[in-house]
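Here is the structure we will look at.
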Amino acid sequence: MEQIETDVLVLGAGGAGLCAALRAADHGRRLSVTVVVKGLLGRAGCTRMVQGGYNVVVSPDDSLEAHFRDTLRGGGWINDQEIVWALVSTAPARVLELESRYGCFFDRTPDGRLHQKPFAGQTFDRTVHKGDLTGIEIMNRLAEQTHARPSIRVLEEHRALELLADGAGRVGGALLLDMRRGEFVLVKSRAMLLATGGGPAMYKVFACSADKSADGIALAYRAGAPLQDMEMIQFHPTGLVVPGSLMTGALLEEGLRGAGGRLYNGQGERYMGRYDAARLERSTRDVVARANYLEGLEGRGGPNGGVFLDVSHLGAEFVQRNFRGMVKRCRDFGWDLATQPVEVMPTAHFMMGGIRISPECFTGIEGLFAAGEDAGGVHGANRLGGNGVADSTVFGGIAGDTMADWIEGRSQPVICEAQAGETMARVLFPLGRQGGRSPAALKAELREAMWAGAGLVRDAAGLDAARSRVDQLREAWQQAGVPAGRTYNLAWQEWLNLGNQLLVSEMIVRSALLREESRGSHFRQDHPLADDARWLVNVCLQSGGDGMKVWTEPVRLTRLRPDAGPRALESVDISD
């Protein structure tokens, strides 16, 4: 088995992982950094798929306080306020760093200022962007900078199988699988970052990268790290409907609604006034997604059960100029976004919950750090559009700095190699095994079960049914076999992905059962109202000796209270 020693190990190579690697490599001391990515550098993951943009305060007419308040209101007030303040206060410097240090080019106004467009749930148009393909710009530049630094080693088409600990419980490395060769690689590190991206691909309709299987969250759970708010799954309101195609669920970005796009049901009715009369289509994602879903569920949908997004009234020239990527995506499937309504439906998009972190990206385990979608606390019950790529780049950079400082004077830990041996035996088990159901078939059933029981509209009976089905599918997964041969064995990779997805699905369902109210993206038909008196809490979970432990902890209202009015900022300290 190949062994590698490195100062900093970064699992994941999206915006969070690469910002962390670059900041650690440039920290001023000679550190070796190893980045692990399941796909190809700059070509895999979800940051590259970001369309809309990056929320940041750069206008003198905007304020950090307004961005802070918008994020808390959008998140149903269960966000970690110290982490949110770190996000909004660090984002301006990070955007400048992306441009001036890493070479990103964002759109500008004729007088040279950063152009900012409207996104839902915000009191100011603060979304910086590169057309409607912002993520491609960011990832291309970050990947170029990563290749340019000799201190950064990249392991492409490698996946992490398990985090490895020393005798004192400190994380000191990871067991990887080189998918090209089918060989194991043991990496020892003084600090490790989980930045694999969550990705709710355990739902029937999803928008995240298809290689996502919530690996980082599953790895952290098995290592014993505490997690929070796993019930909070964001469903983006406007996923493209392409009957019979896996492209169903691909996003049509929020900027279309921000620019004035309208939603109509199958009866031609503009219906958002029933759900949010003040903001209409510019309501937050949780409200619009639920409205779109209910219109279809109650028989007012289009021919494929969706609703219709219409921007044609904005003018074909305007749409084609400002949303080139979206126009091309729709034309690939026979829709002309610039001149006609397009059928859309909600699509599983983002996991607000994840590993509990501090504002400096420490987790509950020594030596282990987390950032991006692997981490919880930033977005609460609902993420504002444009806060996602800000989250990943801000906290990726913070994690890189934190790890570089933290490892000073610390030696390489002595990890337990027996744990690596046990992991290898476990993951090799299905190879060449006869009988059982295919991982692909089991995954399809998981997606149906989670969509039906733990999707946009939930109740105790549906969640109980989903939990039971997840348990049954886990038993079937343990009996499943895959073809022999370890080199590029896609069925084996599917089996490994499914194991993590089953574990994270259990976290989602059990957390959703515990939260007996409706808040943000979590809507319980049997408890349709938010209840601050009982449920202004974070739902926490952790592995224990007798299985998964789930409990609640009160939200720490360190800077602002949910009942505070517009003048609250005068009396509540939200400064550094």
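Quick notes on this structure:
- Checking each residue in segment 326-342 for being under 27 Å from Met450 (Cβ atoms) and out of contact with any strand residue (DSSP E or B) (no Cβ under 6 Å at 6 or more places or on another chain) picks out Arg329, Phe333.
- Selected residue (criterion: modelled with the highest pLDDT) from residues of segment 292-307 that are farther than 19 Å from Ser521 by Cα and surrounded by fewer than 22 Cβ atoms within 10 Å (Cβ to Cβ): Arg300
- Some residue of segment 78-98 being in a loop (DSSP other than H, G, I, E, B) and within 17 Å of Ala20 (Cα to Cα): no
- Check on Gly199, over 16 Å from Val10 (Cα atoms) and surrounded by fewer than 19 Cβ atoms within 10 Å (Cβ to Cβ): no
- Here Glu65 meets the list (1) closer than 23 Å to Met352 by Cα; (2) surrounded by 24 or more Cβ atoms within 10 Å (Cβ to Cβ); (3) over 23 Å from the mean Cα position of the chain (by Cα) almost entirely, failing just condition (2).
- Selection within segment 4-53 - out of contact with any strand residue (DSSP E or B) (no Cβ under 7 Å at 6 or more places or on another chain), surrounded by fewer than 24 Cβ atoms within 10 Å (Cβ to Cβ) and of a type in the set (A, V, I, L, M, F, W, C): Met49
- When Val154, Val185 are screened for being in contact with a His (Cβ under 7 Å, 6 or more places away or on another chain) and either touching a residue at least 12 places away in the same chain (Cβ under 8 Å) or outside any strand (DSSP E or B) (or both), only Val185 passes.
- Check on Thr109, touching a strand residue (DSSP E or B) at 6+ places or on another chain (Cβ under 6 Å), among the hydroxyl-bearing types (Ser, Thr, Tyr) and in the same structural domain as Gly28 (by TED's automatic domain parsing): no
- Selection status of Ala143, out of contact with any Leu (no Cβ under 7 Å at 6 or more places or on another chain) and either surrounded by fewer than 23 Cβ atoms within 10 Å (Cβ to Cβ) or part of a strand (DSSP E or B) (or both): no
- Yes/no for Ala512 being surrounded by fewer than 20 Cβ atoms within 10 Å (Cβ to Cβ), among the hydrophobic types (A, V, I, L, M, F, W, C) and either in contact (Cβ under 8 Å) with a residue 60 or more places away in the chain or farther than 22 Å from Asn79 by Cα (or both): no
- Taking the criterion of being on the phi < 0 side of the Ramachandran plot and surrounded by fewer than 24 Cβ atoms within 10 Å (Cβ to Cβ), the residues of segment 178-189 that qualify are Asp178, Met179, Arg180, Arg181, Glu183, Phe184, Val185, Leu186, Lys188.
- Listed here are the helices (runs of 4 or more DSSP H) enclosed by segment 250-347 that have at least 2 residues being without any contact (Cβ under 8 Å) to a residue 60 or more places away in the chain and of a type in the set (Lys, Arg): 324-331.
- Among residues of segment 308-326 being of a type in the set (A, V, I, L, M) and farther than 14 Å from Thr238 by Cβ, the one that is surrounded by the most Cβ atoms within 10 Å (Cβ to Cβ) is Val319.
- Restricting segment 110-136 to residues that are crowded, with 19+ Cβ neighbours inside 10 Å and of a type in the set (Ser, Thr, Tyr) leaves a set whose member that is nearest to Ala259 (Cα to Cα) is Thr127.
- Selected residue (only one of Thr339, Thr347 is under 22 Å from the mean Cα position of the chain (by Cα) and among the β-branched types (Val, Ile, Thr)): Thr347
- Residues in segment 230-244 that are farther than 30 Å from Leu337 by Cα and in contact with a helix residue (DSSP H, G or I) (Cβ under 7 Å, 6 or more places away or on another chain): 2 in all.
- Residues that are part of a loop (DSSP other than H, G, I, E, B), at pLDDT below 95 and among the charged types (D, E, K, R) do occur in segment 533-551.
- Only one entry of Asp459, Asp464 meets the criterion of being within 24 Å of Glu506 (Cβ to Cβ), in contact (Cβ under 8 Å) with a residue 24 or more places away in the chain, surrounded by fewer than 14 Cβ atoms within 10 Å (Cβ to Cβ) and among the charged types (D, E, K, R), and that entry is Asp464.
- Some residue of segment 272-283 being surrounded by fewer than 22 Cβ atoms within 10 Å (Cβ to Cβ), touching a Ser or Thr at 6+ places or on another chain (Cβ under 6 Å) and not assigned by TED's automatic domain parsing to the domain that holds Gly455: yes
- Check on Thr363, out of contact with any His (no Cβ under 8 Å at 6 or more places or on another chain), surrounded by fewer than 22 Cβ atoms within 10 Å (Cβ to Cβ) and over 18 Å from Phe235 (Cα atoms): no
The values are calculated or read from the model by the stated rules, or taken from the named source; none is laboratory data. Here the structure is a predicted model, which is why all the values come from computation and not from measurement. Please note: Cβ atoms are built from the backbone with ideal geometry, for glycine as well, and neighbour counts cover all protein chains shown.
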